[in-house]
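Notes to accompany the following structure.
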Amino acid sequence: MVHRGSTFFAYTHNPKNLYFCAAIKRIRLNSQPIKIVTILGARPQFIKASVVSQALSQHNGIQEVIIHTGQHFDRNMSQLFFEEMRIPEPTYQLDIHGLPHGALTGRMMERIEEILMDERPDWVLVYGDTDSTLAGAVAAKKLHLSVAHVEAGLRSYNEAMPEEINRILTDRVSDLLFCPSETAVNQLRNEGRLSDGARIIMSGDVMKDAALRFAPLMKAPAAPLPDLYILCTFHRAENVDNPQVLKQLLTALEQTCDRRPVICPLHPHTRKSMEAIGYDVKTSPIQFIEPVGYLEMLYLLDHSTLVMTDSGGLQKEAYYMRRHCVTLRNETEWTELVDCGYNRVVGTEPANILEAVHYFLNQPPVFPFELYGDGHAAEVIAEAMSVDL
Ligand code: UDP
């Protein structure tokens, strides 16, 4: 581990004047820790942060301050993860949610900017591809602060996805880009649109660290589980915001229930969309349950026969827990899983979904290729952030 002096920001400003910040200048002092402000807001970010925050805490020379934007706010989408995974309590709770993308991102940026001006960190650390990620990265960059992005370089090449826009823009302003795969590294290099002096580091996937670390702690959910069930989640805007697509997907899942029971922890956004089309979860053959914590999710994965999802995280976790995956989208950022034959990307056409389900239920669970690092990505990230800027 490398110890170094902390950062001192010398500037004169009137806090009421938003334009003062362009003059931020850093002077290093010895013996103070490196300060990292971490921006979190959504469930997958809590899971990623659980392992990185722990690795950061093991460096004496690092102090982490967490901002929770409030993007996800239900107890079982947020607080439960902090408790179960022992993520340090956020210092700042912004409580910003339930707004359209522009308003959500704008309000987050406004509050994050104020906090960053007070905290004056050496690094601003952001994860993944949500509006919280983008708000944190842009607010920091405009204050001339150094930005580190975990899960950099992923691309779906579908700019209709809000996540794709968030990823591209966050990578563009980041100074340290932690990639989960060589594919992600190559995508960034091929684009050639990084900040001056930016560094790309192939860290591996922090979600692999999380799956390996927490699998021994998995616990059964309260809901009774049928034998040989398929675990399913879906919440992507392109699947649930369009009633036609949502109905088609629900038809495909109902038909899948003729083969195997389907259990589906229901994302709040999906629940709202299903209510809007008048879908009755109580009479559905699909077993809908409330969102579960990560330890229960690992149990559900471990006891499933197959995974069906439009979630990026779950596609990989299926593989980490040695389950095949049917991806309910038209493309994936995790192309290695498809190349290795672990995952099939099938969209939302019932015939294609049923064909893929049938195919995988007849495949032996053989996963010979090791992907996305060695389960020590968080340590690589902490080490890289502990050295001089
Ligand atoms: N997850 C969970 N409980 C649930 C559903 C999902 O803990 O009820 C976890 C899942 O295991 C994965 C992450 O949440 O680690 C995925 O989050 P989400 O699907 O919201 O985001 P995405 O991966 O699509 O960005």
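The values are calculated or read from the model by the stated rules, or taken from the named source; none is laboratory data. Note that the structure is predicted; figures quoted are calculated from it, not measured. Don't worry about glycine lacking a Cβ; one is built from the backbone with ideal geometry, like all the others, and counts go over all protein chains shown. These accessible areas exclude ligands, DNA and RNA; they are computed on the full protein's heavy atoms, side chains included. Shrake-Rupley method; radii C 1.70, N 1.55, O 1.52, S 1.80 Å.
Which of 353, 66, 304 sits farthest toward the positive end of the charge dipole of the chain, with +1 on the Cβ of Lys and Arg and -1 on the Cβ of Asp and Glu? With unit charges placed on the Cβ atoms, the residue in question is 66. On the basis of the beta-carbon distance and an R0 of 30 Å, residue 338 and residue 202 show a calculated FRET efficiency of 0.90.
In straight Cα distance, which aspartates and glutamates are under 20 Å from residue 219, not counting same-chain residues fewer than 8 positions off? Result set, ordered by chain and number: 83, 84, 209, 227, 290, 296, 302, 317.
Solvent-accessible area of residue 120, all protein chains in place: 90 Å² (probe radius 1.4 Å, heavy atoms, ligands and nucleic acids excluded).
Taking 330, 166, 190 as the candidate residues, the one with maximal mean-square fluctuation in a Gaussian network model of the chain, Cα springs under 10 Å, is 190. Which of 40, 125, 104 ends up with the largest GNM mean-square fluctuation for the chain, with Cα atoms connected below 10 Å? In the Gaussian network model the winner is 104.
Summarise the accessible area of the range 208-330 (1.4 Å probe, protein heavy atoms) by the percent that is carbon and sulfur.
Accessible surface attributable to carbon and sulfur in the range 208-330 totals 52 percent.
Span-like helix check, the chain: qualifying full DSSP H segments, with Cα axial length of 15 Å or more and mean Kyte-Doolittle of -0.5 or more, are 43-57, 101-119, 131-142, 243-256, 350-361. In the chain, the DSSP-assigned H stretches of four residues or longer account for a calculated mean residue ellipticity at 222 nm of -11500 deg cm²/dmol, using -39500 (n - 2.57) per stretch and the full residue count as denominator. Over all other residues within a Cβ to Cβ distance under 15 Å of residue 102, the charged ones net out to -1, with Lys and Arg as +1 and Asp and Glu as -1. Each of residue 277 and residue 358 was given a label point 7 Å from its Cα along the Cα-to-Cβ line. The distance between the two points is 2.3 nm. Other residues lying with their Cβ under 9 Å from the Cβ of residue 329 contribute a combined charge of -2, Lys and Arg counting +1, Asp and Glu -1. Once you list every other residue whose beta carbon is under 10 Å from the beta carbon of residue 240, what net charge do they have if Lys and Arg are +1 and Asp and Glu are -1? Spelling it out: positives minus negatives among the neighbours equals 0. Taking 0.36 nm per residue of separation and subtracting the current Cα-Cα distance, fully stretching the chain between residue 193 and residue 144 would add 15.8 nm.
For residue 213 and residue 165, FRET efficiency with R0 = 30 Å and r from the beta-carbon atoms, rounded to 0.05? For residue 165 and residue 213, the calculated efficiency is 0.45.
Label separation (residue 370 vs residue 60): 3.2 nm, computed from points 7 Å beyond Cα along the C-beta direction. If the segment from residue 186 to residue 222 were pulled out straight at 0.36 nm per residue, it would be longer than the present Cα-Cα gap by 8.6 nm. Placing unit charges on the Cβ atoms of the charged side chains and taking the dipole of the range 120-201 about its Cα centre, the candidate lying farthest along the positive direction among 121, 174, 154 is 121.
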